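Only one structure is covered here, and it is reproduced in the block below.
Please treat every number below as a calculation from the coordinates, not as lab data. Keep in mind the model is a prediction, meaning the values are calculated, not measured. Positions of Cβ are generated from backbone atoms using ideal geometry, with glycine treated the same way; all protein chains shown enter the neighbour counts.
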């Protein structure tokens, strides 16, 4: 008869690398090993092209207002963002409390970069270009 201590893991179990922030889950419909940054970079090209500059400014205002809330208020933030960006609201609702802050921080950064890159003639930058900037900023931080 073999006994195992509670909490002891088999050497064949898959474990996450130390310090990683994997959040993927089959329950959410994503594959394991997907980070908050990966989610944002996947979401951004679908979120942004449908928004005009005043809507991006409104999104940034809502994100700034939510910055003072705690992650436990994730559902409230999702409710506030739902009319403007329903896909973002669904993503926030799918996260654990600890992941909400990271996603909102990166989304806010993406909105700021987007507004900075908006051309004076009113033409918006390409979604891919802004996603590349976000990725570069996140890698460097």
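Quick look at the numbers
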{"item": "Simple spin-label estimate for residue 112 and residue 84 in nanometres, 7 Å along Cα-Cβ", "result": "1.6"}
{"item": "Among 76-82, 109-115, the order from most to least packed when residues are scored by Cβ within 10 Å on average", "result": "109-115, 76-82"}
{"item": "Listed peptides 57-64, 119-126 by packing density, highest first (mean Cβ within 10 Å)", "result": "57-64, 119-126"}
{"item": "Alpha carbon centroid spacing (whole Å) that separates segment 104-119 from segment 32-67", "result": "8"}
